[in-house]
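Single-structure report; data block below.
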Amino acid sequence: MAAVRTLTVWCQDWPVVAAVAAAGVPAHVPAAVVVGNEVVHCSATARAEGVRRGQRKRSAQARCPELVLFDDDPERDARGFEPVAVAVEHLAPGIEVVRPGLVAVPAQGPAGYFGGAEAAAERLIDHVAETTGVEVWIGVADGLFAATLAAHRGVVVPEGRSAEFLAPLGIAELDQPAERRKGRAELVDLLRRLGLRTLGAFAEVPERDVASRFGAEAVAAHRIARGLEERAHDRRRPPPELSVSQVLDPPVERVDAAAFVAKGLAERLHVELVGKGVACTRLGIRATTENDEELSRVWRCAEPLTPQGISDRVRWQLDGWLTTTRLTSGIAVLRLDPEEVVGAAALQLGLLDQAQGDVADRAARALVHVQGLLGPNAVVTPVLGGGRGPAERVRFVPWGDERTPAADPDLPWPARLPAPSPATVPVVPVPAALVDETGADVGVTGRYELTAPPHRVLAGGREHRVRGWAGPWPVDERWWDAAAAHRAARLQVLTVGENGAEQAFLLVRTGGRWAVEGVYD
């Protein structure tokens, strides 16, 4: 699907700006937002003193002793951003809040009304500054991703040239810290190691190869690197019955009461969406006050919303309306409209993540009952931890026990198998044979090189012709301990069966023999 011409309004370092404004700290004072002991956002004055995102708190304070630190608070960020969103909406109706600090709107309306994208950008910058005192950056391009990066640079990309604009940018742009997308940092690291250091280099890789090698998340990243919409299929307007509403009696005037309402209504909407086999990517939040004042806001989401994601956005929006908007009465009616949905396959939740309230409780009691009949190890939960091979990274924890990994996943783990991981991992590796064109065994030298190009794989009584391979990757663990030392080599192979179907295997060679350690779907 072709990317929609989009105008974005971006507030640089918004979590810091919101925190500073809420605390009454002067804007010139170096400030940062931290999560745990790590800096996740910092102001321009703090960066000038050497503070960087990802630094430890103590290291940042050593570089800048006068640094003021704030805890991460999404509700504070959303509450403070509501006046900015209202100011933008005054000149460009139909905005969508992507996250606190970033709004998007179809560029056709503002550009047509003000006589061009550049003129619209100037008017918006001046209007927001005069109304709220906040400095914003404007970007215009085809698609939300390109428009966001254009806003970071304050440029208007000519229509149809977003791919050209994106091509020279670094591959790290795929991992926007404010989005906090799971797995994106690992994908960027993998692409760097493969030599794909720019968005253009990644875009040149055929999409079919990206899908077969890296999976669905990489395909979405590949599409936006090419200047396209992230999802090319299955978007559709939801039927009216998916909307949920609630009459609030008495009308809500306090933030704590609004949070309670948000949670219940979000759960109702999620149940409706699951029943229809869809997930929401654009959420409309609409409210009517006791005096018939109409309030409306659309939140646009990079990923399909989970129940918690729906609840958070409704709570943030109600907090913003009740705190920063001059309402003459409390909110009497609240309605949630899924403005855009995708197939529920885009939102893969755990077994119990879709269960709510009593349903989740009944499921949990049933699992405990099974444990009582068959023993605690009869019901287990897989926990992903650290390690180099796929089998050693997973620990099965009995249901109800604390889900702690066997090894710390945040350690470096050099020589770890690159993503994606195999979909099927046998408990015991299945013996296999890897042979060359002459039928001779393919070995691995002491320098971890194959002795001959692989031609066929024989595993499970079936023969597969090798179409391509990657590796081998060395495994040399605990070499200093003769009793516990382990040497092996892993190899990924793509094969074609007799019926023409492709199949990918993860092979491991140890003790002079090959075995299947994993199978990719």
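The values are calculated or read from the model by the stated rules, or taken from the named source; none is laboratory data. Small disclaimer: the values here were computed from a predicted structure and weren't measured. Methodologically, a virtual Cβ is constructed for each residue, glycine included, from the backbone with ideal geometry; neighbour enumeration extends over all protein chains shown. The area values use the complete protein model at the heavy-atom level, side chains included, leaving out ligands, DNA and RNA. Shrake-Rupley method; radii C 1.70, N 1.55, O 1.52, S 1.80 Å.
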Q) Where does each of 520, 113 land when they are ordered by accessible area, with a 1.4 Å probe and the largest first? A) 113, 520
**Q.** Most to least accessible of 222, 486, 152 (protein chains only, probe 1.4 Å)
**A.** 486, 152, 222
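On a full-extension model of 0.36 nm per residue, what is the gain between residue 161 and residue 294, subtracting their alpha-carbon distance, rounded to one decimal in nm?
Working: separation 133, 0.36 × 133 = 47.88 nm, distance 3.91 nm.
Gain on stretching residue 161 to residue 294: 44.0 nm.
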(Q) At 1.567 mPa s and 4 °C, plugging the Kirkwood radius over alpha-carbon pairs of region 95-214 into Stokes-Einstein gives what diffusion coefficient in µm²/s? (A) 81 µm²/s
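Could you give the length gained by full extension between residue 480 and residue 462, i.e. 0.36 nm per residue of separation minus their alpha carbon distance, to one decimal place?
Extra length available between residue 480 and residue 462 comes to 2.6 nm.
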Q) Please state the relative contact order of the chain as a whole percent: Cα pairs under 8 Å, 6+ residues apart? A) 10 percent
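Test of the criteria: in region 16-103, which trypsin sites (Lys or Arg not before Pro) are in a DSSP loop and have at most 16 other Cβ atoms within 10 angstrom of their Cβ?
When the trypsin sites (Lys or Arg not before Pro) of region 16-103 are filtered for loop state and at most 16 Cβ neighbours within 10 Å, 52, 53 remain.
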Q.
Suppose each label sits 7 Å from its Cα in the direction of the beta carbon; what would the residue 255-residue 370 distance come out to in nanometres?
A. 4.2 nm
Q. Once you sort the root eigenvalues of the Cα gyration tensor of region 56-130 as a ≥ b ≥ c, which label holds: rounded (a/c under 1.5), prolate (a/b larger than b/c) or oblate (the other case)?
A. prolate
Q. Can you work out the FRET efficiency for the pair residue 245 and residue 325, with r the C-beta to C-beta distance and R0 = 25 Å, to the nearest 0.05?
A. 0.80
Q) For residue 153 and residue 52, what does the FRET efficiency come to when R0 = 22 Å and r is the distance between their Cβ atoms, rounded to the nearest 0.05? A) 0.65
Q | Inter-probe distance in nm under a simple model that places probes 7 Å from Cα toward Cβ, at residue 394 and residue 180 | A | 2.8 nm
Q: Using Cα positions and a limit of under 14 Å, work out the aspartates and glutamates in reach of residue 263, with same-chain residues fewer than 8 apart set aside.
A: 312, 319
Q. How long is the gain from residue 407 to residue 201 if the chain were fully straight, where each residue apart is worth 0.36 nm and the alpha carbon distance is subtracted?
A. 70.7 nm
Q: Sequence neighbours fewer than 8 away in the same chain don't count; with that in mind, list the lysines whose C-alpha is under 24 Å from residue 57.
A: 182
Q: Compute the long axis of helix 144-153 from its Cα atoms, compare it with the longest principal axis of the Cα atoms of the chain, and write down the angle in degrees, 0 to 90, nearest 10.
A: 70 degrees
